[in-house]
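See structure below.
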């Protein structure tokens, strides 16, 4: 369903575009944009569709993507790492969780909570004995909205480009990006 014509001006201004720029992008005349925004014309469906598709494409390009949010340094553990060594690594880097990676693939997650649980159970000494499920993996082009939705269910997300882990996103990373931190 197409949005109301009255929103075209609002959306155009939101993106800091002139009528001429939008017209060029949509393949219509500037005067048509002006008349639509002023409510002086009832445009054809084809012209409205061109304008809306152009605005939608612009919206997609302007959205913040995973590559803009991620922390490029991925600190990871291996299943054969001891829990004390992983704890020291977390403290050194000021992190509370990290992916468990073997042969360039995420196979699990280790966190302070998991380590605490292991302390109470006693007997577990290696990451592989206690690690949780692997975090979700997304491409660098994933939108901020999708990232936010995933972080409701996962403590961290790995970001990949052509199958290679390029970064990590935590709730703290997303909040910092959203609020300019």
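Looking across segment 143-160, the residues that are under 15 Å from residue 68 (Cα atoms), assigned to a strand (DSSP E or B) and in contact (Cβ under 8 Å) with a residue 24 or more places away in the chain come down to 143, 157, 158, 159.
Run residue 123 past the list (1) surrounded by fewer than 12 Cβ atoms within 10 Å (Cβ to Cβ); (2) assigned to a helix (DSSP H, G or I) and report the number of the one that doesn't hold. Looking at each condition in turn, residue 123 falls short on (2). Looking across segment 163-179, the residues that are more than 14 Å from residue 95 (Cβ to Cβ) and touching a residue at least 60 places away in the same chain (Cβ under 8 Å) come down to 164, 165, 166, 174, 177.
One line per residue, one yes/no per condition, for (1) at pLDDT 90 or above; (2) not assigned by TED's automatic domain parsing to the domain that holds residue 125:
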residue	(1), (2)
26	yes, yes
31	yes, yes
71	yes, no
104	no, no
107	yes, no
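Checking each residue of segment 39-52 against the condition of being over 30 Å from residue 168 (Cα atoms), free of Cβ contacts under 8 Å to residues at least 60 places away in the same chain, under 26 Å from the mean Cα position of the chain (by Cα) and outside the structural domain of residue 129 (by TED's automatic domain parsing) gives at least one match.
The values are calculated or read from the model by the stated rules, or taken from the named source; none is laboratory data. What you see is a predicted model, and the numbers here were worked out from it, not measured in a lab. Don't worry about glycine lacking a Cβ; one is built from the backbone with ideal geometry, like all the others, and counts go over all protein chains shown.
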